[in-house]
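Beneath this line is the structure, given in structure tokens, with notes to follow.
The values are calculated or read from the model by the stated rules, or taken from the named source; none is laboratory data. This structure is a prediction, so every number in the text was calculated from the model and none was measured. Cβ placement follows ideal geometry from the backbone for every residue including glycine, while neighbour counts extend to all protein chains displayed. Heads up: the accessible areas ignore ligands, DNA and RNA and are worked out on the full protein's heavy atoms, side chains in. Shrake-Rupley method; radii C 1.70, N 1.55, O 1.52, S 1.80 Å.
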Amino acid sequence: MHWTADGNGYAAAEQGELVKTDIRTGRKTVLVTRDKLHRPGSEQAMAIADFAFTPDSANVLIFTNTARVWRYNTKGDYYLINRASGQVRQLGQLAASKRPSQSLMYAKLSPDGRKIGYVSEHNLFVEDVATGQTTQLTIDGTRKRINGTFDWVYEEEFGCRDGFRWSPDSKQIAYWQVDATNIRDYLMLNTTDSAYSHVVPVEYPKVGESPSPTRIGVVAASGGPTTWLTIPGDSQQHYLMRMEWLPTTGSVIVQQLNRKQNESKLFICTPESQSIKLIQTETDKAWIDGKARWSRDDPSGWEWLDGGKSFIWVSEKDGWRHLYKISIDGKKETILTPGAYDIATISHIDESTNLIYFIASPDNTNQRYLYRTRLDGKGKAERVTPAGQVGTHGYTNSPNGRFAQHTFTNYQTPTVREWVSLPDHKPVNQSESIAARMKPVTKSNVSFFSLATEDGVTVDGWMVKPVNFDSTKKYPIVFYVYGEPAGSTVNDDFSIGQNRLFQGDMAKAGYIYVALDNRGTPNLKGAAWRKSIYRQIGRINIRDQAMGARKLFSQHAYIDTSRVAVWGWSGGGSTTLHLLFQYPDIYKTGIAIAAVGNQLFYDNIYQERYMGLPQENRDDFVAGSPITYAKNLRGNLLYIHGTGDDNVHYDNAEVLINELIKHNKQFQVMPYPNRSHGIYEGEGTTQHLQTLYTNYLLKYCPPGPR
């Protein structure tokens with residue numbers, strides 16, 4: 001979906017055409033017909049992954065034939081289509097500079113609409129919209145010298161993917177260059193796609209390894225030498241995680257984090273004069289989150305105000321995640337959201353009305369609502385979401401601030417959408433409103449709760465009781481866990497109580513299903529809650545889970561403590577292993593998927609952010625790793641991992657297996673050949689995983705009352 005210039009409508013691909021919809025009236029206008037959306041010489045329609053119109057709307061740029069790069073489909077083919085004539089041109093196909101098929105990434109129009117920049121095979125190119133003439137801006141790109149995009153770890157942990165920015169005047173491009181030359185490859189082995197196995201290298205900086213040196217350069221769109229910004233600091237001990245052009249000058253703003261990620265600096269850099277000015281420094285005893293944390297894993301863009309004279313900044317320096325307005329010289333700072341609550345995300349900035357809209361939930365941290373406050377810092381947060389729809393709300397605001405696509409869900413309501421006007425929050429079309437269309441599903445067996453552990457820690461949770469529940473009987477309990485800073489499990493949405501790996505209905509089968517959120521999970525409970533896990537992953541989060549379970553048992557006699565299972569994926573897989581190994585008296589059965597068995601095997605950005613540097617506090621990494629406690633296994637363990645996991649590598653599985661063998665611990669293991677972290681590739685994989693999971697749970701944690 002892309003907004004129209006006036007903000008009153010949007011364009012989207014619908015039934016093979018590009019269609020504009022006027023939000024106010026619902027009227028649809030076909031912008032590009034089906035017959036024009038096909039490749040030259042082919043009658044087959046394009047599968048449209050994304051699109052963009054030139055400023056004059058004469059041409060449309062289509063992204064299609066996409067392929068996966070790590071997590072997302074970010075490379076493919078781009079076509080430029082003239083709306084009037086229907087002429088179609090594939091980018092990067094002129095004979096003198098022909099690019100391989102399915103190799104273009106992040107193609108985007110210059111602000112004036114005359115050129116298109118893109119990345120292909122780690123180099124930057126600019127192509128003229130009118131003539132197709134192509135200029136190669138960089139020539140040194142390789143698998144390990146990356147121009148205009150990022151390596152695996154920047155993408156995974158900072159959300160950085162698109163690595164170049166057009167200047168406002170369309171004359172220059174600023175871009176990142178990542179030098180991974182000295183980063184060692186993790187060698188995955190593909191043993192199934194040919195008679196002879198072959199190595200799949202992934203440049204991957206593990207914990208304790210210095211980061212890839214990264215720099216930012218500016219080059220003319222017409223070609224020529226790159227001017228590199230001389231940002232202070234050792235490039236091997238810092239990260240450059242954000243960069244954008246100022247709206248009206250030839251300068252860029254850059255955010256730099258030190259390697260420990262507990263010091264952030266903002267620089268204003270002017271390439272022409274090589275001026276580098278530090279405007280802000282912020283430090284934290286634990287870590288500083290990047291924009292990806294509060295912007296849906298997208299760190300791009302800058303929240304400018306006053307034509308670039310000031311900007312919005314998000315910080316937790318007073319103990320809560322708040323919004324600040326900061327002048328471009330860094331000398332004036334105004335807090336916009338004072339109080340003992342966190343903002344979750346920024347929804348919209350409306351300078352014409354002096355308002356900023358954001359998502360928060362001061363009264364229930366497991367829900368989300370739209371709020372607004374004044375941009376001058378003289379107002380109080382005002383809830384915009386009306387009372388009556390209790391749960392989780394989301395908003396995609398129009399550029400003019402007059403409309404928003406509003407989504408709503410809670411544990412009894414599947415996600416439903418409507419268009420609303422703002423700031424009155426009235427449905428644009430009453431017959432298509434959420435109130436008219438939502439269909440709650442009664443879930444009388446689902447409840448939310450809070451409990452205090454013996455350590456004085458209050459944790460939130462949800463519980464789904466079996467169908468036809470009888471409190472005089474005893475039922476098995478299954479815990480769903482994550483437990484690390486990357487995610488939470490207790491959120492008021494329709495997924496509560498669902499288990500996509502269990503074939504059937506957990507409640508109908510006769511299980512109590514529970515999730516708890518321990519300290520360190522990213523709930524809106526203040527920085528102290530979130531950052532208490534610093535250097536403590538594998539310890540305090542595990543104790544909170546175990547003590548929460550123990551407290552739950554003491555409160556409910558209907559829980560059968562001889563039938564206690566736990567499962568989780570990724571960080572949740574690690575938590576599952578810890579709980580089985582550290583608290584074998586509580587947890588009898590565990591299913592761990594794609595777990596980090598040894599924290600020293602994971603990537604440096606994530607693990608060092610939350611645990612420090614192993615050169616300084618290696619003992620914390622050892623104490624936080626499941627393999628340290630594997631010798632304590634007494635219960636039933638099913639361990640599952642994809643051998644082609646480029647995220648949590650398969651070596652985690654093998655060192656864990658070796659440790660269990662060493663201590664003669666019996667368990668079951670299921671490797672999925674060549675599957676990635678999500679274990680979904682290949683015919684029959686998902687069904688096989690579900691069957692494996694279900695059968696194991698039924699066998700070792702039998703359902704039903706006793």
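Test residue 10 against the stated conditions and say whether it is crowded, with 16+ Cβ neighbours inside 10 Å, touching a His at 6+ places or on another chain (Cβ under 7 Å) and either closer than 26 Å to residue 125 by Cα or not basic (Lys, Arg) (or both).
Criteria met by residue 10.
I need the full set of residues from segment 44-62 which are within 30 Å of residue 156 (Cβ to Cβ) and open to solvent by 20 Å² or more (accessible area, probe 1.4 Å), in order please.
Within segment 44-62, 47, 48, 49, 50, 52 qualify.
Just to verify a result, which residue in segment 348-367, among those that are assigned to a loop (DSSP other than H, G, I, E, B) and open to solvent by 10 Å² or more (accessible area, probe 1.4 Å), is farthest from residue 389 (Cα to Cα)?
Taking the candidates together, the pick is 354.
Examine segment 287-308 for a residue that is open to solvent by less than 20 Å² (accessible area, probe 1.4 Å), within 26 Å of residue 351 (Cβ to Cβ) and free of Cβ contacts under 8 Å to residues at least 40 places away in the same chain, and state whether such a residue exists.
No, segment 287-308 contains no residue that is open to solvent by less than 20 Å² (accessible area, probe 1.4 Å), within 26 Å of residue 351 (Cβ to Cβ) and free of Cβ contacts under 8 Å to residues at least 40 places away in the same chain.
Would you check which residues across segment 327-347 are open to solvent by less than 20 Å² (accessible area, probe 1.4 Å), within 15 Å of residue 374 (Cβ to Cβ) and under 24 Å from the mean Cα position of the chain (by Cα) and list them?
If the condition is that a residue be open to solvent by less than 20 Å² (accessible area, probe 1.4 Å), within 15 Å of residue 374 (Cβ to Cβ) and under 24 Å from the mean Cα position of the chain (by Cα), then 343 is the only one that fits.
Please verify whether residue 25 is of a type in the set (S, T, N, Q), open to solvent by less than 70 Å² (accessible area, probe 1.4 Å) and either out of contact with any Pro (no Cβ under 7 Å at 6 or more places or on another chain) or within 21 Å of residue 91 (Cβ to Cβ) (or both), treating the condition exactly as stated.
No; evaluated as a whole, the condition is false for this residue.
Sort out for me the strands (runs of 3 or more DSSP E) sitting completely within segment 1-107 that have 2 or more residues that are free of Cβ contacts under 8 Å to residues at least 12 places away in the same chain and out of contact with any strand residue (DSSP E or B) (no Cβ under 8 Å at 6 or more places or on another chain).
Per the criteria, no element qualifies.
Looking at (1) closer than 30 Å to residue 111 by Cα; (2) surrounded by 15 or more Cβ atoms within 10 Å (Cβ to Cβ), which is the one condition that is false for residue 222?
Against the list (1) closer than 30 Å to residue 111 by Cα; (2) surrounded by 15 or more Cβ atoms within 10 Å (Cβ to Cβ), residue 222 comes up short only on (2).
Between a residue in segment 485-512 that is free of Cβ contacts under 8 Å to residues at least 60 places away in the same chain and closer than 19 Å to residue 449 by Cβ and any residue that is basic (Lys, Arg) and assigned to a loop (DSSP other than H, G, I, E, B), which pairs come within a Cβ distance under 7 Å, given they are 6 or more apart or on different chains?
Final answer for the pair search is 512/465.
Here's a check for you: in segment 173-202, which residue that is open to solvent by less than 10 Å² (accessible area, probe 1.4 Å) and in a strand (DSSP E or B) is modelled with the lowest pLDDT?
Looking at the filtered set, the residue picked out is 202.
Go through the residues of segment 447-455 one by one and say whether even a single one is of a type in the set (Asp, Glu) and either open to solvent by less than 50 Å² (accessible area, probe 1.4 Å) or at pLDDT 95 or above (or both).
Yes, that holds for at least one residue.
Does at least one position in segment 461-481 carry a residue that is in contact (Cβ under 8 Å) with a residue 12 or more places away in the chain, aliphatic (A, V, I, L, M) and over 23 Å from residue 560 (Cβ atoms)?
No, segment 461-481 has no match at all.
Return the pair list, or none, for Cβ contacts closer than 8 Å from residues in segment 113-128 that are within 19 Å of residue 181 (Cβ to Cβ) to residues that are of a type in the set (Lys, Arg), at least 6 apart or on different chains.
Filtered contacts from segment 113-128: 121/99; 122/143; 122/145.
Which one is farthest from residue 372 (Cα to Cα), of the residues in segment 414-440 that are polar (S, T, N, Q) and open to solvent by less than 60 Å² (accessible area, probe 1.4 Å)?
433
Of the residues 134, 214, 149, 138, which is polar (S, T, N, Q), within 30 Å of residue 85 (Cα to Cα) and in contact with a Phe, Trp or Tyr (Cβ under 9 Å, 6 or more places away or on another chain)?
When all the criteria are applied, what remains is 134.
In contact with a Leu (Cβ under 6 Å, 6 or more places away or on another chain) and not polar (S, T, N, Q) - does that describe any residue in segment 602-616?
No.
Being of a type in the set (A, V, I, L, M) and at pLDDT 95 or above is the filter; apply it to segment 95-124 and report the residue that is surrounded by the fewest Cβ atoms within 10 Å (Cβ to Cβ).
Among those that are of a type in the set (A, V, I, L, M) and at pLDDT 95 or above, it is 109.
Restricting segment 225-254 to residues that are of a type outside the set (A, V, I, L, M, F, W, C) and open to solvent by less than 30 Å² (accessible area, probe 1.4 Å), which is nearest to the chain's Cα centre (by Cα)?
Filtering segment 225-254 for residues that are of a type outside the set (A, V, I, L, M, F, W, C) and open to solvent by less than 30 Å² (accessible area, probe 1.4 Å), the one nearest to the chain's Cα centre (by Cα) comes out as 242.
Taking the condition of being farther than 19 Å from residue 38 by Cα and assigned to a loop (DSSP other than H, G, I, E, B), how many residues in segment 108-130 meet it?
8
Could you list all residues from segment 283-310 that are farther than 17 Å from residue 252 by Cβ, touching a Ser or Thr at 6+ places or on another chain (Cβ under 8 Å) and of a type in the set (Lys, Arg)?
Of everything in segment 283-310, just one residue is farther than 17 Å from residue 252 by Cβ, touching a Ser or Thr at 6+ places or on another chain (Cβ under 8 Å) and of a type in the set (Lys, Arg), namely 296.
Taking residue 314, is it closer than 25 Å to residue 487 by Cβ, open to solvent by 60 Å² or more (accessible area, probe 1.4 Å) and modelled with pLDDT of 95 or more?
No, not satisfied.
Show the residue pairs that are 6+ apart or on different chains and have beta-carbon atoms under 8 Å apart, the first residue being within segment 158-181 and on the phi > 0 side of the Ramachandran plot, the second being buried (at least 19 other Cβ atoms within 10 Å of the Cβ).
Pairs found: 159/290; 159/291; 159/299; 170/110; 170/115; 170/221.
Test residue 257 against the stated conditions and say whether it is open to solvent by 20 Å² or more (accessible area, probe 1.4 Å) and among the hydrophobic types (A, V, I, L, M, F, W, C).
no
Which one of these does residue 136 not meet: (1) open to solvent by less than 10 Å² (accessible area, probe 1.4 Å); (2) touching a helix residue (DSSP H, G or I) at 6+ places or on another chain (Cβ under 9 Å)?
Condition (1) is where residue 136 drops out.
So, in segment 66-81, exactly how many residues are surrounded by 16 or more Cβ atoms within 10 Å (Cβ to Cβ) and at pLDDT 95 or above?
Summing the residues that are surrounded by 16 or more Cβ atoms within 10 Å (Cβ to Cβ) and at pLDDT 95 or above in segment 66-81 gives 9.
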